[in-house]
Amino acid sequence: MHFGLSEDQRMLRDSVARSLSDNCPLDHVRECAEGEPVFSDKTMSALGELGLPGMMVPEEHGGLGMSLLDAAVVAEQLGYAAAPVPFLATNVLAALALTHAGSREQQADWLPRIARGEPRISVAIAETVEARDGAVVAAHGGGLSGTSLFALDFRGADAFLVADGAGRLHLVPTDAAGLETVALTTIDRTRSVGEVHLQGVAAEPLMADGGVAAARLRCAGRIILAADSLGAGEAMIEKAIDYAGQREQFGRVIGSFQAVKHMCAEMAARHEPCRALVWYAAHAFDAAPDEARLAACHAKSHTGEVHRFVARTSTEVHGGMGFTDLLGLHYWFKRIGFDRQVLGGPEAVRAEAATLQGWTRAA
Amino acid sequence: MHFGLSEDQRMLRDSVARSLSDNCPLDHVRECAEGEPVFSDKTMSALGELGLPGMMVPEEHGGLGMSLLDAAVVAEQLGYAAAPVPFLATNVLAALALTHAGSREQQADWLPRIARGEPRISVAIAETVEARDGAVVAAHGGGLSGTSLFALDFRGADAFLVADGAGRLHLVPTDAAGLETVALTTIDRTRSVGEVHLQGVAAEPLMADGGVAAARLRCAGRIILAADSLGAGEAMIEKAIDYAGQREQFGRVIGSFQAVKHMCAEMAARHEPCRALVWYAAHAFDAAPDEARLAACHAKSHTGEVHRFVARTSTEVHGGMGFTDLLGLHYWFKRIGFDRQVLGGPEAVRAEAATLQGWTRAA
Amino acid sequence: MDLEYGAEYDAFREEVRQFLEAHGHRAPAGQDRAARPSADAVKWQALLIEHGYTARTIPSEYGGYGAEPDILKSRIIAEEFSRAGIPGGLANQGISMLVPTLLELGTEEQKRRWIEPTLKGEIVWCQGYSEPGAGSDLAALKTSARVEGGEFVINGQKIWTSTAKQADMIFCLVRTEHEAPKHGGISYLIFSMDTPGIEVRPLKTMTGHAEFNETFFTEVRVPVDQIVGERGQGWFVANATLGHERSMLGDPDALENRLQALVNLMREERVGKDRAIDSPVLRDRLAALQAEVAAMKYNGMRILSNSLRGDPGGMAKLIVKLQSCELAHQISALAIDAMGEIGILYHGSPRERARGAWQRNYMFQLGLIIGGGTAQIQRNIIAERGLGMPREPRLPKPAAVERSAVADGRKQETA
Amino acid sequence: MDLEYGAEYDAFREEVRQFLEAHGHRAPAGQDRAARPSADAVKWQALLIEHGYTARTIPSEYGGYGAEPDILKSRIIAEEFSRAGIPGGLANQGISMLVPTLLELGTEEQKRRWIEPTLKGEIVWCQGYSEPGAGSDLAALKTSARVEGGEFVINGQKIWTSTAKQADMIFCLVRTEHEAPKHGGISYLIFSMDTPGIEVRPLKTMTGHAEFNETFFTEVRVPVDQIVGERGQGWFVANATLGHERSMLGDPDALENRLQALVNLMREERVGKDRAIDSPVLRDRLAALQAEVAAMKYNGMRILSNSLRGDPGGMAKLIVKLQSCELAHQISALAIDAMGEIGILYHGSPRERARGAWQRNYMFQLGLIIGGGTAQIQRNIIAERGLGMPREPRLPKPAAVERSAVADGRKQETA
């Protein structure tokens, strides 16, 4: 029995951490995020050397066939570094979807390329959680029509993986006729989302599965977002403690004031159990699919709440400096804001958790 | 323009405070509450000397014809002293109901006696908020049947003022045939509630008014409970500050620790605006009936939340001593607990506030 | 309790309404408090002063309207302008902080020279108080001035100088008495932002905008008579204006307006076929915030009423900054939650609501929670001044401070 | 991540299950941790020791089962007993605190004399640590002992002595070295509660029950060899057992059981035609608490797993008391809210649910938040030990303390 990361996972964590600390320090995050934001090619290529693009691709397709917990370990480090890389959509969600619901042809076509880090696939499944602004995608006679918002890792996508209203997934190449896209911008300039408009677009459906694949994707996406939030929260707590240990006011470091100490203690006390929660959810995704959806809901909603508190409190500990752009603390603040809202805010996700357990009266 | 208590109201407040401090100190509260709890005759008779039994009774019936804000001023002091007296049901609610919805005969029969401090009328309107355990009262052909729970100021009642399912009020003398009562006990031994079982009881209905009278009573009751909570919260904050200023640990009074100071500051910061909120709700009850229901909802739900926090935090500041019976702090803790739950907990009351404003989609 | 203002005030209110109806169209659109006033704004300001709707109680010899203080009339003006959605008079730091300070502590010459053009919007000021190393502990400021040939020669750095880019002048705290104890070594100087040696760099915040600046002084020479109060008294001069700043924050009208905007948002935002306000969970949070906004509104009326009676305000006033900043932040947080993923759109994104104002406010209000006395400092003040709790025990002086301050035996203030 | 226990452990689990199936009916009903064990409980305890389901790792020469420590087997035992709803072994303060202390620091004679009868439930102990003036600052305790004719003569008062009424013996901290510094003047004594001069008064709490006592000592005479450790070392002896106490709190199984009870309650409680769980607002709170309980459960598994690897637990362990006490309190709070007015029924009222347990827990858990290190002390510990933040700066000694302690120049610990 072992609850925690394996030796391999700890090595993975450390090597990703090292790579990010070398290739993606704050200055580099800032370079990528300012002006017209871009993803960091340098960081992606460094992560590519670790084989991360193919981590979720089965070995027979040239990947590493790793688990979602492995991906969560990576995601946590990406959050910790606020790394501007499109890992979630292509390397986790699309790889999972194709592996579990792709046809042989689709698998053969895409998976080896994903493993090589070539294509970028943006994932548009927001409407399986909530339809905002009336967005909906319908499949009819082999064609897809409608709108999907908040397609993840949107910028530079070669294809979109789109869920229709029934939860079935479709691959739409970027150059498909009838496809139009609009970039959206969020508070978090290290990520990229966009909207996808489809008018009778001929798409390749993944295998019909009654929406199971889309539900699994949502679940995986939430776990990865929770892991990202975990890493970003960890970074914010560390930064608060460091700052409080250096900043002097009234002739003492502010970290010696009980109020500041208790703010930090409260952050740590709420944050620490999130780690085990995220690990368990990621583990359950592969090992206990029955529990995975609920565990993913818990991880997503709970980190959403805890890290909103952490983001705010760390900023307060930093005082005026935390509010400026100077220390770059806001990159993590916003990363946490993004993780909280995307694929369902805490209320929406808790409502889903309640339904899953039959807490809701049958209508 | 003057937002606040009038000179007369401040004199009323001070004289009630003096009377309670003379007649109803903690030791006396304890005497009344321990063993088989009783109301304090001594306190009631002292308050009687101030004319309080008839404060809400119109002058033509021998009362003082005062406003609900006057009653709230008194209620705040009762909460501050945790006084075990049945003020709410008879002297506020029944007096109001009879004044505004009583027939001439009912008024002539009851109001002068209420003003003299003679009868006790328990008020059973809980089901106009929420029906717990299936309790419901129905009026049919002049008779009342059913159950009402949580009749207020139950002990020693001479009559019950019962709301039926349509919100109409009925007076039921304690000796009416078909009436059975069961005393309930709550955490708060300075109050008394009970349940009323009716089987074809011949009751005297107040004037038919489509439930307006019951809604007004609920509104008044909530304001008085909020005022009680305000006083109890005030007492708990004062006690915390006093204790923190005396108790020494680690060679200093604990009130000099920033953590303790901030707990007290946070209590005060949340508590203080409640005062103006309660005052306004009580004022609106008489002066701006259109706004009164919403204001009462705000006052009830907000004090409920704030003072739960205050009750808990003051207890924490008192450390182990706060948890014991020794200082009697728990009488206020429980008084606040009672005020929060009775006539609708915060969630129920906020739902009503939302409905009042048309926030809820028409079904 | 009497919420009627009485006939005189009802008439006054009517007068304000008629003014707004007749002249409201001349008000400048979208007034930015941090910017230099536009020509329209300057004209509007002049009209308001003429009618006594701003600078109302400032003596007419200094360019004000010269009315007797009447809190109710001031309140009526604020209410009516807010209700009509028409901007009131200029509300920059020169008007809200420097002018009251000069009125209280300036020389007659300073009053005559600076107040009128400031009121008219001709002179824009910025505030030079905080420094990177002196925030909560403002008295630790290090920007220093030596006297040389009838001039102060200033070196150092200020931060949070919000209007420094647009400002003509600065009111500034500098350390002039190097041997004096911490609080007693500071002077309050006023000088032109055109003085050689001043460099202003925009200070971008988490909102992505540069609402503030950093201002650097290198050998900046200022005539010694450009001081308000005596040398070494700057701390006390500044504290008078800090009080004015605090009263600027926590406007109950603003909270009500924000809450109403949130109600509107939640009625309009849709999740599938439902409106956001149809979510019982979000609606419950909305109702809870509404109750708290109501409490702050009535608390404000109570403070107003107390001031009418000459009561300084006590606890009701002491808690306003802490509670209203927090409440404003919570209102923005609920708005973001009600919008779901739409809530994080920003930077002029398609589908962004209210031009990103909810997110910007969410972040800016966190800045307000921190600025002008962090929430922690506010709680210290409430506990110590409001509740009479003991101050933090005095510490042995750390070595670094001992050099200058200990010999003096002065009590060191602690947070 | 491997949540399987492996074949050996699965077999062990099966063995425990079979034991419970075969013998579970012999378990005493409604075990009260604070009371003297019933005859049934004593028999059950003997059976459990015999099978190694309690006192598992205590050497057999002292009456235990004598197994090698195996955290997983201990965990399996706890899980299976909890799942079956069958009480495990006795868990009084003698067993959880005194026995480990004696094992670590007792003399051979003390071990042989006290451990076995304690394990068997023949000797019941109470703990004499806290005093009215020494709570968070335990080392400030004043109960004193002088030596006279080969005996300690004890005078003073203890509080929170939970089982004092039933106890045969007490383990107790008293000040024996009056010239020594605060922490260095304390000794750890064990003596009979029948010793003349001991008076026990029940201490009623806010729950209305007397879960604790106050214990008064007047010229209580105890042989000088009834000391654990050396004179003046009592603080360090006690700290070993305080660690054991802390690990008693925050049982994740208990949180899960409480949450499940809350779910059941909310399915059963009706508001009109709806169940309480049909309220989206209450359901949202329930789901939030469930997520937090899950987090604490997995955090507990992580700690368990870390211990298997010899890792002391770090932050994951340091936060358990603070978080689980708060969470338990919040669970009770939601239960009360879900019951509405029913939620305040108490004292055996008609219609009271679960014999008032929700209200009692709500209050008792507030006591637990305060007891065994208040939430504030817990946050100090997390900040200082867990996060390495600076300790509160040392203060100049107040005059009262100076008399005894200052001459020694010892560092005074602050909260």
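The values are calculated or read from the model by the stated rules, or taken from the named source; none is laboratory data. Predicted, not measured: the structure shown is a model, and the values here were computed from it. Using ideal geometry, Cβ is built from the backbone for each residue, glycine included, and neighbour counts are taken over all protein chains shown.
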Restricted to the stretch C:115-139 and to residues being among the hydrophobic types (A, V, I, L, M, F, W, C) and surrounded by 23 or more Cβ atoms within 10 Å (Cβ to Cβ), the residue farthest from the other protein chains (Cβ to nearest Cβ) is C:115
Out of all the residues in the stretch B:270-288, is one or more facing another protein chain (nearest Cβ under 7 Å) and in contact with a strand residue (DSSP E or B) (Cβ under 6 Å, 6 or more places away or on another chain)? no
Any residue that is in contact (Cβ under 8 Å) with a residue 24 or more places away in the chain and in contact with a Ser or Thr (Cβ under 6 Å, 6 or more places away or on another chain) - is there at least one of those in the stretch C:175-184? yes
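If I filter the stretch D:80-91 for residues that are among the β-branched types (Val, Ile, Thr), in a helix (DSSP H, G or I) and away from chain A (no Cβ under 14 Å), do I get at least one hit?
No, the stretch D:80-91 contains no residue that is among the β-branched types (Val, Ile, Thr), in a helix (DSSP H, G or I) and away from chain A (no Cβ under 14 Å).
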Is at least one residue of the stretch B:18-35 surrounded by fewer than 21 Cβ atoms within 10 Å (Cβ to Cβ), of a type in the set (Val, Ile, Thr) and either in contact (Cβ under 8 Å) with a residue 40 or more places away in the chain or within 14 Å of chain C (Cβ to nearest Cβ) (or both)? no
Could you check the stretch B:289-317 and list, in sequence order, the residues that are within 14 Å of chain D (Cβ to nearest Cβ), hydroxyl-bearing (Ser, Thr, Tyr) and more than 13 Å from residue B:239 (Cα to Cα)? B:301
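Quick one: would you say residue A:181 is outside any loop (DSSP other than H, G, I, E, B), among the β-branched types (Val, Ile, Thr) and within 22 Å of residue A:91 (Cβ to Cβ)?
Details: outside any loop (DSSP other than H, G, I, E, B): yes; among the β-branched types (Val, Ile, Thr): yes; within 22 Å of residue A:91 (Cβ to Cβ): yes.
Here the answer is yes, as residue A:181 does meet what is asked.
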Given the conditions (1) of a type in the set (A, V, I, L, M); (2) away from every other protein chain (no Cβ under 14 Å); (3) crowded, with 18+ Cβ neighbours inside 10 Å; (4) in a helix (DSSP H, G or I), every one holds for residue C:58 apart from (4)
Do we have any residue at all in the stretch A:78-93 that's within 30 Å of residue A:276 (Cβ to Cβ), part of a helix (DSSP H, G or I) and over 18 Å from the mean Cα position of the chain (by Cα)? no
Could you run through the stretch C:110-139 and say how many residues are part of a loop (DSSP other than H, G, I, E, B) and under 18 Å from residue C:174 (Cβ atoms)? 6
Give the stretch B:58-110 a look and list any residue that's closer than 26 Å to residue B:329 by Cβ and of a type in the set (Asp, Glu), or say none. B:76
Single condition residue A:215 does not satisfy, out of (1) more than 9 Å from chain D (Cβ to nearest Cβ); (2) buried (at least 22 other Cβ atoms within 10 Å of the Cβ): (2)
Failed condition for residue D:179, given (1) crowded, with 21+ Cβ neighbours inside 10 Å; (2) modelled with pLDDT under 95, with all others met? (1)
Return only the number of the condition from (1) surrounded by fewer than 20 Cβ atoms within 10 Å (Cβ to Cβ); (2) at pLDDT 95 or above that residue C:254 does not satisfy. (2)
Exactly one of A:337, A:344, A:320 is buried (at least 24 other Cβ atoms within 10 Å of the Cβ) and within 7 Å of another protein chain (Cβ to nearest Cβ), and that residue is A:337
Of everything in the stretch A:114-161 that's away from every other protein chain (no Cβ under 14 Å) and within 17 Å of the chain's Cα centre (by Cα), which residue is surrounded by the fewest Cβ atoms within 10 Å (Cβ to Cβ)? A:120
Given the structure, is residue B:300 closer than 30 Å to residue D:181 by Cα and either among the charged types (D, E, K, R) or crowded, with 24+ Cβ neighbours inside 10 Å (or both)? no
Please work out if residue B:354 is more than 8 Å from chain D (Cβ to nearest Cβ), assigned to a helix (DSSP H, G or I), crowded, with 24+ Cβ neighbours inside 10 Å and at pLDDT 95 or above. no
Being assigned to a loop (DSSP other than H, G, I, E, B), surrounded by fewer than 22 Cβ atoms within 10 Å (Cβ to Cβ) and in contact (Cβ under 8 Å) with a residue 24 or more places away in the chain is the filter; apply it to the stretch C:140-173 and report the residue that is nearest to the chain's Cα centre (by Cα). C:162
Could you grab me the full set of residues in the stretch D:174-215 that are assigned to a loop (DSSP other than H, G, I, E, B) and within 14 Å of chain B (Cβ to nearest Cβ)? D:181, D:204, D:206, D:207, D:208, D:209, D:210, D:211
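If a residue has to be in contact with a helix residue (DSSP H, G or I) (Cβ under 8 Å, 6 or more places away or on another chain) and within 10 Å of chain A (Cβ to nearest Cβ) to count, how many in the stretch D:271-280 make the cut?
If we filter the stretch D:271-280 for residues that are in contact with a helix residue (DSSP H, G or I) (Cβ under 8 Å, 6 or more places away or on another chain), which is where we start, we get D:271, D:275-277, D:279-280.
Going one step further and asking which of them are within 10 Å of chain A (Cβ to nearest Cβ), we end up with D:275, D:277, D:280.
Qualifying residue count for the region: 3.
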Those residues of the stretch C:380-393 which are within 11 Å of residue B:264 (Cα to Cα), of a type in the set (A, V, I, L, M) and part of a helix (DSSP H, G or I), in sequence order: C:382, C:383
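Against the condition in contact (Cβ under 8 Å) with a residue 60 or more places away in the chain, in a helix (DSSP H, G or I) and among the β-branched types (Val, Ile, Thr), how does residue B:99 come out, does it pass?
Details: in contact (Cβ under 8 Å) with a residue 60 or more places away in the chain: no; in a helix (DSSP H, G or I): yes; among the β-branched types (Val, Ile, Thr): yes.
No.
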Here are the criteria: (1) in contact with a Gly (Cβ under 7 Å, 6 or more places away or on another chain); (2) under 18 Å from residue C:375 (Cβ atoms). Tell me which single one residue A:257 does not satisfy. (1)
Tell me which of these residue A:251 doesn't satisfy, since it passes every other one: (1) touching a Lys or Arg at 6+ places or on another chain (Cβ under 6 Å); (2) on the phi > 0 side of the Ramachandran plot. (1)
Please go through the stretch A:1-22 and pick out each residue that is touching a Ser or Thr at 6+ places or on another chain (Cβ under 9 Å), part of a helix (DSSP H, G or I) and more than 16 Å from residue A:72 (Cβ to Cβ). A:19
Output yes when any residue across the stretch C:366-379 is assigned to a helix (DSSP H, G or I) and closer than 20 Å to residue C:265 by Cβ, and no when none is. yes
In the list D:283, D:267, which residue meets the criterion of being modelled with pLDDT of 95 or more, surrounded by fewer than 21 Cβ atoms within 10 Å (Cβ to Cβ), of a type outside the set (Gly, Ala, Ser) and not in a loop (DSSP other than H, G, I, E, B)? D:267
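Results for (1) out of contact with any Phe, Trp or Tyr (no Cβ under 8 Å at 6 or more places or on another chain); (2) hydroxyl-bearing (Ser, Thr, Tyr); (3) at pLDDT below 90, shown as yes or no for each residue.
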| residue | (1), (2), (3) |
| --- | --- |
| C:300 | yes, no, no |
| C:306 | yes, no, yes |
| C:317 | yes, no, no |
| C:322 | yes, no, no |
| C:330 | yes, no, no |
| C:338 | yes, no, no |
| C:345 | yes, no, no |
| C:359 | no, no, no |
| C:384 | yes, no, no |
